[in-house]
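Before any comments, here is the structure.
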Amino acid sequence: MSDTSPQIASAQLGTASVATHEPPRFDWNAPETRRRFAARHRANRRLQIYGLSAIGLAALLIAILVGSLVATGYQSFVQTHVTFEVFVDPAKVDATDPSKGNFRLIVRDSFAAQFPDVTNPRDQRSLTDVMTADAPFIVRDQVVADPSLIGQRVRVTMPVSDAFDQLQKGVTPRDVPETQRKVNDKQIAWFDTLVERGQITVPFNTALFVSADSRFPELAGLAGAIVGSFYALLVCFLISFPVGIAAAVYLEEFARKGRWSDILEVNINNLAAVPSVVFGLLGLAVFLGFFGLPRSTPLVGGMVLALMTLPTIIIATRSALKAVPPSIREAALGVGASKHQVVLHHVLPLAMPGILTGTIIGMAQALGETAPLLLIGMNAFITSPPGGILESATALPTQIFIWADSPERGFVSRTSAAILVLIGFLIAMNLVAVILRKRFERRW
Amino acid sequence: MSVYLLLILIGLPLAGFLFARRQAVAMVGGGSSLHSLPDFHGAYVAAWTGIPATLLVVLWIALQGPVLDQAVFASLPDDFRDAVENQSLVIAEIHSVADGRIFGEPAPEVRAAAERLQTWRSIASWSMVAVAAAAALAGLVVTRSRLAPAFRARHRVEDVLSGLMVVCSVIAVLTTLGILLSLVFESVRFFARVPWYEFLFGLNWEPQIAIRSDQVAGLGSFGAVPVFLGTVVIAVIAMLVATPIGLLSAIYLTEFASPRFRAIAKPSLEILAGIPTVVYGFFAVLTVAPALRIAGTWVGLDVAPNSALAAGSVMGLMIIPFISSLSDDALAAVPQSMRDGSAALGATKSETIVKVLLPAALPGIMGGVLLAVSRAIGETMIVVMAAGLIAKMTLNPFDSVTTVTVQIVTLLIGDTEFDSPKTLAAFGLGLVLFISTLCLNVLALRIVQKYREQYE
């Protein structure tokens, strides 16, 4: 195809007519020629503009993606709290066993005491909707931790319920008819009173980083997912790093080139392109089904991720090993080192920055991987961070998936915030990789 | 118990290393010279103390679960066992009772079995520790007795290292084999219930129906053609978005852009490749799908909330960097002499690109596009979040369609039961997915390689 194209090009240029004796003078200024010139240059500019606008479109799409995530997510980094005085009524809590007290009533009465003019029991109940539904447990935990609070008045700060959090943040519009929102006019009036009294604060949302998942968006946090991801990545690293390096060293330095090494090589390249959900099927059938390992655990998740990361690490390690010049190997062999000593003492240390860079990039991919973790059940609803690799857990991307599927309004913003946190981790990892490459990579 | 294990698997080899090294040093004291450095003697003993014991423990842990399950099931009273329809359900119940998670009223036989399971588990664990300790000690004693000044410890250690490296490189092959075997094995079980031609050519996909126990599975409810069709529709939309944008930006970056612009634009495009797919999925649900719906009402089109267009176009966005970097490579690999020749004939840049470079780079670009198609087919999270669940025979991009990967995930989420055709169907789909992406990848790599040879 390529050998015909110059002919096509020259035919178009109109320079093919050559006279035998006296070449006719080509009139460069003929209107016909100028038109053709102009048209060809326009075509040139057009292609340039198409290219530029393709890049512009891609950039615009990135901007919309990031923009929409930031626009919905930033609100979850703060959380509306309400502060009020709770009277821990000794009649309702037994000092010998404080955890059995009727905290629901304590909280309701204390909160109702903020509005002495609200006496109707139905209104009082609808008043408690302002607080998070977990309010009794928040107070209970404080009292259990410090039983001397019984009989005292305690200032308690707790999140407001999601509906009011959204109201305070302006997500829920106030000017729609009452029937179309979750909060009624009365509740809004009470809430505004609280705002006027200064009982409503909007501090930084530490719960997002220290709490685990919850059914209530105002309480849900990422701690469980972060710890789960950490354990899964730890398992993934502990398996894929040594195995990947060993396999790459074998293929690059020891294996005789032949059929077997070709099979291995093709295999690794193909493994790198296998869809991630297929790895999930492998984990489900082999690790869970055949070996009976516990479901939903970072151990199994990490093992599946390790198999996925292995090709990345092997390929990166091989190219890092290739970059070490043969003179180093020859010099070491020349002073009497064995082949293993050459690799362990000289080649591997020199290749290490490249290997580490590749490994970090592989780990970053593993951190964002979702589908295989869904198949092995790391999308369970778990309200406490896992204590080890054998406990049920979620991971950051699966937590994002769970929240994205939750119908409550507050979870939309939480999902975006979780994505921002995940992307933050990814950027940090990639930065480390870039710095590593810049600082330590040697060129020979 | 894990403390003992750690002690055996790490402490004993360490002790062996130190002892053997001291022994080797002591041997030099006798006036004879060592063949290998003392460290190699130590490493030799440590390797044979630690590695067999570790392998034994890993194997034991892997096999203990299934073996105990079978033993416990076999130990159930005969009449109880015969009445059981579903073996794995009973085993799961025994497990949860043994772990202290009791739901409802388990049968007395189950309680007894759970107690047996607990005792057997602790017996098995302790015997594992004992066996590991025995193996480690045996290795220690035998290898230490072989140490001598002339002993070629370095060679032995290097043999062990080579062996370990071979094992590690075989893991990649084992992974492929594991994928293939598990997919084929479960698919065979699936095709035993649903004939394969029903699956591949049937037009009706309603896997949820088969879960009802009063209904015979198969016969029309596992025809995967609508699922395949949906996958193709979404992949085509993705490619229609990604190919022009990716190719045009690659052309601009290689042929028109200044080095400075290129240095900024190329990594920025590659950001797209680093974003996790779950993020794209949420972006599709949060922004793209509602936007398309609103745009649809303006034009007077009825766009489904989880339309193929939304999922496909976001997938296209994800694939852009893929296509652009592969086309970039292909264009850059065209020899400079061809550009120069074209310019010498008076062609403009765009004429050179369209008539010389693109035809020359076409195989490379085609390879890249094929790789991108395989990515689009295998992509999971975007479609799980943004595409539909119900299989429809439609080519309408504004309608909701489902894909192979969506079905795999929805059939398997929250389901550990392997016996129903519903979950087995997921493995059948997985096999189709694996084979088709594999073929695409092999084909793409072939094309790219063949083309590369032409110019090098």
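Residues of A:59-65, mean number of Cβ from any other protein chain within 10 Å of their own Cβ, rounded to a whole number? Intermediate values should be presented prior to the final figure.
Details: counts 6, 0, 10, 7, 0, 5, 13.
Mean partner shielding for this stretch: 6.
Show me the helices of chain A, taken as full DSSP H stretches, that run 24 Å or more along their long axis by Cα and average -0.5 or above in Kyte-Doolittle hydropathy.
A:31-73, A:223-249, A:298-323, A:348-368, A:409-440
Which whole number gives the average count of other chain Cβ atoms within 10 Å of the Cβ atoms across peptide B:173-185? Don't skip to the end; give the middle numbers.
Working: counts 6, 2, 12, 9, 1, 8, 9, 2, 3, 10, 4, 0, 3.
Mean partner shielding for this stretch: 5.
Please give, to one decimal in nm, the separation of the simple spin-label points placed at residue B:362 and residue B:159, each 7 Å out from Cα toward the Cβ.
Using points 7 Å along Cα→Cβ, the separation is 5.8 nm.
Semi-axes of the equivalent ellipsoid of the protein assembly as shown: what are they in whole Å, largest first, if each equals the square root of 5 times a C-alpha gyration tensor eigenvalue?
51, 46, 29
Taking neighbour Cβ counts within 10 Å as the exposure measure, how do A:74, A:250, B:44 sort from fewest upward?
On the way: A:74 14, A:250 23, B:44 28.
If I rank by nearby Cβ atoms, fewest first, I get A:74, A:250, B:44.
Packing-wise, with mean Cβ within 10 Å as the measure, how do B:250-259, A:33-42, A:383-392 rank, highest first?
On the way: B:250-259: 19.5, A:33-42: 12.3, A:383-392: 16.1.
Ranked from most to least packed, the peptides come out as B:250-259, A:383-392, A:33-42.
At what distance in nm do the modelled label points of residue A:440 and residue A:115 sit from each other, each positioned 7 Å from its Cα along Cα→Cβ?
Result: 6.1 nm between the two label points.
Leaving out same-chain residues fewer than 8 places away, which lysines sit with a Cα under 21 Å from that of residue B:422?
Cross-link targets: B:392.
Sorting A:378, B:27 on the 10 Å Cβ count, fewest up front, what's the list? Working shown, then result.
Working: A:378 30, B:27 19.
Least crowded to most crowded, the residues run B:27, A:378.
So how long is each side of region A:78-204 along the principal axes, counting just the alpha-carbon atoms, biggest first, in Å?
Computed over the Cα atoms, the extents are 50, 35, 23 Å.
Got the relative contact order for region B:225-455 handy, in percent, Cα pairs under 8 Å and 6 or more residues apart? Intermediate values should be presented prior to the final figure.
Details: 331 pairs, mean separation 69.6, N = 231.
Computed value for region B:225-455: 30 percent relative contact order.
Rg to Rh ratio, region B:2-150, alpha-carbon atoms and Kirkwood radius?
Details: Rg = 23.2 Å, Rh = 18.3 Å.
Answer for region B:2-150: 1.27.
Assuming 0.36 nm per residue, please report the length gained on full extension of the stretch residue A:30 to residue A:77 beyond their Cα-Cα distance. Before the final figure, lay out each step's value.
Details: separation 47, 0.36 × 47 = 16.92 nm, distance 6.88 nm.
Answer, rounded to one decimal: 10.0 nm.
Full-extension gain between residue A:182 and residue A:155, please, as 0.36 nm times their residue separation minus the C-alpha to C-alpha distance. Walk me through the numbers before you get to the answer.
On the way: separation 27, 0.36 × 27 = 9.72 nm, distance 2.78 nm.
Between residue A:182 and residue A:155, full extension yields an extra 6.9 nm.
Within region B:341-382, what residues put their amide N at less than 19 Å from the label point 7 Å along the Cα-to-Cβ vector of residue A:38?
Of the residues in region B:341-382, B:348 have backbone N under 19 Å from the label point off residue A:38.
Sort A:52, A:264 by Cβ crowding within 10 Å, fewest neighbours at the top. Numbers along the way, then the final one.
Numbers: A:52 17, A:264 20.
Sorted ascending by nearby Cβ count, the order is A:52, A:264.
Three principal axis extents, largest first, for the C-alpha atoms of chain A, in Å?
Largest first, chain A extends 116, 78, 41 Å along its Cα principal axes.
Starting from the eigenvalues of the Cα gyration tensor, five times each then square-rooted, give me the equivalent ellipsoid semi-axes of region A:292-383, largest first, whole Å. The partial results should precede the final answer.
On the way: eigenvalues 302, 33, 15 Å².
Its equivalent ellipsoid spans semi-axes of 39, 13, 9 Å.
Set the bar at 25 Å for Cα to Cα. Now go through B:349/B:450; A:438/B:349; A:438/B:266; A:257/A:339; A:257/A:438; A:92/A:186 and name every pair that lies beyond it.
On the way: B:349/B:450 27 Å; A:438/B:349 36 Å; A:438/B:266 18 Å; A:257/A:339 17 Å; A:257/A:438 33 Å; A:92/A:186 29 Å.
From the list (B:349/B:450; A:438/B:349; A:438/B:266; A:257/A:339; A:257/A:438; A:92/A:186), the Cα-Cα distance tops 25 Å for B:349/B:450; A:438/B:349; A:257/A:438; A:92/A:186.
Determine which aspartates and glutamates satisfy two conditions relative to residue A:169: a Cα distance under 14 Å, and not lying fewer than 8 residues away in the same chain.
Straight-line reach from residue A:169, under 14 Å: A:192, A:218.
Once amide H atoms are built 1.01 Å from N in the peptide plane, which residues 5 or more positions from residue A:131, or in another chain, come under 5 Å H to H?
A:161
Determine, for each peptide in A:213-220, B:229-236, B:144-151, the mean count of other beta carbons within 10 angstrom over its residues, then list the peptides with the highest first. Mind dumping the intermediate values first?
On the way: A:213-220: 21.0, B:229-236: 23.9, B:144-151: 14.8.
Packing order, densest peptide first, comes out as B:229-236, A:213-220, B:144-151.
Read-outs: derived from the displayed coordinates by stated rules, not from any lab. These numbers were taken from a predicted model, which means no experiment stands behind them. Positions of Cβ are generated from backbone atoms using ideal geometry, with glycine treated the same way; all protein chains shown enter the neighbour counts.
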